[in-house]
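Here the structure is laid out as structure tokens; the discussion comes afterwards.
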Amino acid sequence: MSVEQAEQQLRELLETGQSISGVVDAWMERDPQIMAIILLEQRVVHSIFAEHLLSIADQLEAFIPPEELYVALGKQMTLNQPDFLDWVLEKHPTAFWLIGLSKELEGSRMGYHHMMYKHHTHSRDLPMWCQQYAQQGARDGLVAFAQDTGNPIPAAILYDLKDESAGLEAAVGAFIRNPKSPVLEFLAAKIGPNLDEIVLAIDAKLDEEHAPRPKMIAWWLEQQSNG
Amino acid sequence: MKQQVVSLGIVGKGSQFPFTGIFSAQQQLSIGKVSAVGRIHDADIKRDFRQTIQCSKQLTMLFQAHQGSIKKLFRSVWDWYHDSKPHSQIVSLTIQVLSPDGDLWMSMVGTSGVWGLLDDTWYPLLADGSAVLQDKYIAEYPMAVQVQPLPERIVVLPKPFQNVLPSSIGLKKRVLEVCDVG
């Protein structure tokens with residue numbers, strides 16, 4: 001059977017509301033490359049097709065590289081992408097291709113979902129992943145993560161990578177979400193104790209946003225004025 | 001003539017947050033460029049933050065208020081160190097003064113090694129058995145050493161780290177350098 005014939009048969013079954021499991025399972029047994037081509041070239045995009053492929057992901061992984069497989073599946077799962085990403089993260093929690101998957105599916109918010117997942121599961125490797133995403137160019141997703149959780153780590157990592165603009169946004173966002181966020185503590189641990197200019201910039205930006213001055217910023221400024 | 005610069009750095013731990021517990025200060029004084037770097041071993045990012053920052057600020061203030069010789073400065077710093085250091089912590093501190101004449105003086109406590117970079121080559125400034133690295137005191141104060149010839153960079157390994165210079169990647173990621181104050 002050619003790929004075109006298989007594609008046609010699959011379309012007809014889906015359009016008439018019939019089960020696809022029989023034919024898909026048969027192709028998987030006889031000629032799994034047919035399924036690989038239909039999926040990777042996105043020849044059929046349908047939620048039932050996607051759900052079924054998800055249920056046989058382990059089999060598909062045997063002959064499709066996981067990053068390509070999950071990017072293709074992710075494109076099929078447009079309505080349930082957050083759940084899909086959670087599912088992949090649980091299945092492959094340490095795979096570095098997750099960064100490429102996130103880039104493909106989340107675009108400019110790359111890293112956001114993975115960071116949220118790490119945050120909710122209290123993962124100790126969150127800083128390592130944040131660093132990896134930042135090094136691969138993630139900015140908006142990491143800033144949004146800081147803004148939504150108050151987590152101080154994106155600010156520290158972005159400043160360390162010399163992206164002062166994104167670092168400032170992440171620091172201010174974290175403080176607005178949680179005025180007790182240990183932003184200065186993590187900045188000092190990441191880039192060193194000479195933070196006067198950064199603290200002044202954060203304070204000015206918080207003032208612009210009409211946000212209250214966090215206690216740690218007030219303490220820092222007090223130390224400076226005493227000096 | 002532009003005064004020479006010898007950057008002073010300290011090695012932090014090999015982790016995502018290498019500079020936890022590290023403090024530093026620098027000032028241009030009449031006796032020369034004064035730099036200091038130190039590290040509180042086993043510091044916690046959050047718990048020891050204020051103490052670490054206060055060490056930087058207090059050293060800066062001490063430098064700013066100083067009048068007198070290099071020897072007097074060293075003594076003031078060590079008096080401050082002994083007054084402020086909690087008994088339960090390993091605290092490393094190195095002070096460096098580069099005089100306008102180009103003489104480089106150092107004094108240190110809690111250091112396992114000091115390395116200099118000259119002509120792209122790192123070499124130990126003090127031998128492993130050096131009395132300075134063993135924290136021996138003279139007249140109740142840590143010794144001062146003069147470094148010759150002048151290296152371009154100096155990197156300090158604080159105790160309890162071993163006296164082994166990190167790889168070139170480690171030197172990039174784990175060394176906090178005091179900025180030039182020229």
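FYI, it's all coordinate maths here, none of it is from the lab. These numbers come from a predicted model, not from an experiment. Glycine also receives a Cβ, built like all others from the backbone with ideal geometry; neighbour counts cover every protein chain displayed.
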Candidate cut points under trypsin sites (Lys or Arg not before Pro) in region B:76-182, DSSP loop plus at most 14 other Cβ atoms within 10 Å of their own Cβ, are B:LYS136
For A:LYS75, the lysines lying under 19 Å Cα to Cα, once residues fewer than eight places off in the same chain are dropped, come out as A:LYS91, A:LYS103
Relative contact order in percent for chain B (Cα pairs under 8 Å, 6+ apart) equals 32 percent
Within region B:110-182, DSSP-loop GluC sites (Glu not before Pro) with at most 12 other C-beta atoms within 10 Å are B:GLU140
Quick calc: nm separation of the 7 Å Cα→Cβ label points for A:HIS119 and A:LEU161 -> 1.7 nm
Filtered hits (lysines, Cα-Cα < 22 Å from B:LYS46, offset >= 8 within chain) -> A:LYS118, A:LYS180, A:LYS190, A:LYS215, B:LYS13, B:LYS57, B:LYS85, B:LYS159, B:LYS173
Taking r as the C-beta separation of A:ALA62 and A:ALA26 and R0 as 22 Å, the FRET efficiency to the nearest 0.05 is 0.85
Along principal axes, largest first, the alpha-carbon spread of region B:7-177 in whole Å comes out as 41, 39, 28
Within chain B, the percent of DSSP beta bridges that are antiparallel, given to the nearest 5, stands at 90 percent
Inter-chain shielding metric for A:212-224, i.e. average beta-carbon neighbours from other chains within 10 angstrom, reads 1
Per the helix-only model, chain A has a calculated mean residue ellipticity at 222 nm (DSSP H runs of ≥4, -39500 (n - 2.57) each, divided over all residues, rounded to the nearest 500) of -21000 deg cm²/dmol
Other residues with Cβ under 10 Å from the Cβ of A:ALA72 give, with Lys and Arg +1 and Asp and Glu -1, a net charge of -3
Mean separation of Cα contacts under 8 Å (at least 6 apart) over the residue count of chain A, i.e. the relative contact order in percent, is 10 percent
Rounded to one decimal in nm, the spacing of the 7 Å Cα→Cβ label points at B:SER69 and A:LYS180 is 5.3 nm
Quick shape check on region B:142-182: root eigenvalues a ≥ b ≥ c of the Cα gyration tensor, a/c under 1.5 is rounded, otherwise prolate if a/b tops b/c, else oblate, and it reads oblate
Env charge @ A:TRP87, Cβ radius under 13 Å, K,R +1 / D,E -1, value -4
Rounded to whole angstrom, the alpha-carbon centroid of region A:115-152 lies from that of region B:24-95 at a distance of 34 Å
Under a Gaussian network model of chain A whose springs join Cα atoms within less than 10 Å, the largest fluctuation of A:GLU185, A:GLU12, A:GLU67 belongs to A:GLU12
Over chain A, the quotient of the Cα radius of gyration and 2.2 N^0.38 Å is 1.34
Once Lys and Arg are counted +1 and Asp and Glu -1 for all other residues with Cβ under 15 Å from that of B:LEU126, the total becomes 0
With R₀ set to 25 angstrom, the calculated FRET efficiency between the beta-carbons of B:GLU177 and B:GLN134, to the nearest 0.05, is 0.45
Within the set A:ALA188, A:ALA26, A:ALA170, GNM on chain A using Cα springs under 10 Å gives the largest fluctuation to A:ALA26
Per the C-alpha gyration tensor (a ≥ b ≥ c, the square roots of its eigenvalues), the protein assembly as shown is rounded if a/c is under 1.5, else prolate if a/b beats b/c, else oblate; here it's prolate
Filtered hits (aspartates and glutamates, Cα-Cα < 20 Å from B:LYS72, offset >= 8 within chain) -> B:ASP83, B:ASP101, B:ASP103, B:ASP135, B:GLU140
